[in-house]
Amino acid sequence: RQPLELTRKILRDKQNKKNSGQPIPVFPSWVYERPALIGDFLIGTSLSTDTTVPIGTLPLASQESMIVEDLLYVLIGVDGRYITAQPLIGRQNRAFSVDPNLDLSIKELVTRILPVAASYSIVTRFIEEKSSFEYGQVNHALAAAMRTLIKEYMILITQLEHLQRQGLLSLQKLWFYIQPTMRTLEILASLATSVDKGECMGGSTLSLLHDKTFNYTGDSQAQELCLYLTKAASVPYFEILEKWIYRGIINDPYSEFMVEEHELQKEKIQEDYNDKYWDQRYTVVQQQIPSFLQKMADKILSTGKYLNVVRECGRDVTCPVAKEVIYTLKERAYVEQIEKAYNYASKVLLDFLMEEKELVAHLRSIKHYFLMDQGDFFVHFMDLTEEELKKPVDDIITTRLEALLELALRMSTANTDPFKDDLKIDLMPHDLITQLLRVLAIETKQEKAIISADPTELTLSGLEAFSFDYIVKWPLSLIINR
């Protein structure tokens, strides 16, 4: 039990760290401390305290009757008199010891039936473990779907017990009745083992289930079973997906979704030279992309991002073509839904930037000052500031420069520009060459060295240090970066 407690603690700490305001709920300790609550074998507690009759001394019919009764117990996770479960080491499969004095013909059939009990043991342990909150909503939903199937299996065993009490259940009949269930439990056990081995959560669990469903293409019964489980497990994941592609919101308390949110301040955009915010606020987590959504991952990321920008500007956006996403083996269905959401999000953001935030007018304004679109403004400005800019930087009074800039703007054709007040003056601590190197060094190893380098020893004149600055507010700062 120790490794399980440790795993749960690690998962809980990791998730609480990510969602500090929303701690993971915890099951009370008695859930784990009372082993009789779990449907698996309790080692060392034999069914009967009586001294059992040596089975080899009994006639064949009595041996069979005793073993049938034992098997019915073993099939629901309780030790029998002559068949007992072996203790588990780690995550191995359950093994059983059968009384060696049992008649060989009976023993042969018993060993054929016991794999059902071994599979049942794996599935029950999986259900109990994955029902904890720490393993996320997808695993929780998968465990719940498996529990439903186990209930049906228990009903079958109850019916067989009823037959046995009436003396109508032979070993051969038991073997016949258990046949259909055998395959089901075998598939459930193999799925449980794969999820455990891969330590899957969220999207990776869905990838595994989807791939298994595809692998059973020739076996309709097995494929139907996997399809049922994948549909059930995908519901919580698709709820997160729908919220993201239709509203631009991430609600992922257990870190299962393919898009991860990072806390970043959007005000920093006005200071940074590049659009780090856009790239780093939301990123794709590769192992959480379900294999059936792999091709659409980038579109899913962009769709939510677009809506999120508009939402952060105080506008409510909800996709009008929103439809529930349901798991299916046909990838086309997802492609169509995601394409529709993506087209809507793109249109909303583009209209918002173009119409409400007047992107083109801002670009035209920037063209005036940074691409010298209006020569007369520069002539006026340089005439007015020549004397001031010849001085060393330390002697220049910036407020005086700002006043001269305003005067030049009012006297030239730039006066008609609605955004002329966004133009500001900046006196840099470096010369032009160093400034350009800083811009070129973004995202490279040299960046830190250049940023932390001392300002040039030379005393710069105003002309060398002079630069125009332009105030660009969010969300235009995503497009017009520093």
3J(HN,Hα) from dihedral phi, segment 26-31, Karplus parametrisation 6.51/-1.76/1.60, rounded to Hz, x for glycine, proline: 10, 5, x, 5, 5, 4
Entries of Lys14/Lys299; Lys357/Lys391; Lys347/Lys448 with Cα pairs more than 30 Å apart: Lys357/Lys391; Lys347/Lys448
Using only protein heavy atoms and a 1.4 Å probe, report how much of Ile122 is accessible, in Å² to the nearest 10. 20 Å²
From the P(r) of segment 235-356, can you give the percent of Cα pairs sitting at distances over 19 Å? 48 percent
Give me the tail of P(r) for segment 325-457 as a percent: Cα-Cα pairs with distance above 19 Å. 70 percent
³J(HN,Hα), Karplus 6.51/-1.76/1.60, whole Hz, each residue of segment 301-312, x for Gly, Pro: 4, 5, 4, x, 4, 4, 5, 4, 4, 5, 4, 5
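How much of the calculated P(r) for segment 103-228 lies past 18 Å, in percent of all Cα pairs?
57 percent
I'd like the trypsin sites (Lys or Arg not before Pro) in segment 349-393 restricted to DSSP loop residues with at most 14 other Cβ atoms within 10 Å, sorted by number. List each step's numbers first, then the result.
Working: sites: Lys357, Arg364, Lys367, Lys390; in loops: Lys357, Lys390.
Answer by residue number: Lys390.
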List every residue whose amide H lies under 5 Å from the amide H of Ile425, counting only residues 5 or more places away in sequence or on a different chain, with H placed 1.01 Å from N in the peptide plane. Asp469
Set the Förster radius R0 to 45 Å, insert the Cβ-Cβ distance between Asn16 and Met411 as r into 1/(1 + (r/R0)^6), and round the FRET efficiency to 0.05. 0.15
List, in order, the whole-Hz ³J(HN,Hα) value for each residue of segment 404-416 obtained from phi through the Karplus relation with A = 6.51, B = -1.76, C = 1.60 and θ = phi - 60°; use x for Gly and Pro. 5, 4, 4, 5, 4, 5, 5, 8, 10, 5, 5, 4, 7
Paired Rg and Dmax values of segment 34-199, which use every Cα atom, in angstrom: 16.5, 54
Between the DSSP loop rule and a limit of at most 13 other Cβ atoms within 10 Å, which GluC sites (Glu not before Pro) in segment 315-345 are left? Glu324
Rg and Dmax of the chain, Cα atoms only, in Å: 35.1, 120
Around Phe96, which amide H atoms from residues at least 5 apart in sequence, or from another chain, sit under 5 Å from its own amide H, with H modelled in the peptide plane? Gln86
One can check that the equivalent ellipsoid of segment 128-176, built from the alpha-carbon gyration tensor with semi-axes equal to the square roots of five times its eigenvalues, has lengths in Å, largest first, of 34, 9, 7
Ranking Lys340, Lys18, Lys130, Lys197 from most to least accessible area with a 1.4 Å probe gives Lys197, Lys340, Lys18, Lys130
Taking protein heavy atoms only, a 1.4 Å probe, and rounding to whole percent, the accessible area of segment 14-129 owed to carbon and sulfur comes out at 57 percent
Mind listing the long-range amide H neighbours of Asp79? Cut-off is under 5 Å, sequence gap 5 or more, other chains count too, H placed in the peptide plane at 1.01 Å from N. Leu42
What lysines could a cross-link reach from Lys151, if we take a straight Cα to Cα line under 26 Å and drop same-chain neighbours fewer than 8 places away? Lys130, Lys173, Lys197, Lys212, Lys231
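The values are calculated or read from the model by the stated rules, or taken from the named source; none is laboratory data. Note that the structure is predicted; figures quoted are calculated from it, not measured. No Cβ is skipped: glycine too gets one built from the backbone with ideal geometry, and neighbour counts run over all protein chains shown. These area figures cover heavy atoms from the full protein model, side chains too; ligands, DNA and RNA do not enter into them. Shrake-Rupley method; radii C 1.70, N 1.55, O 1.52, S 1.80 Å.
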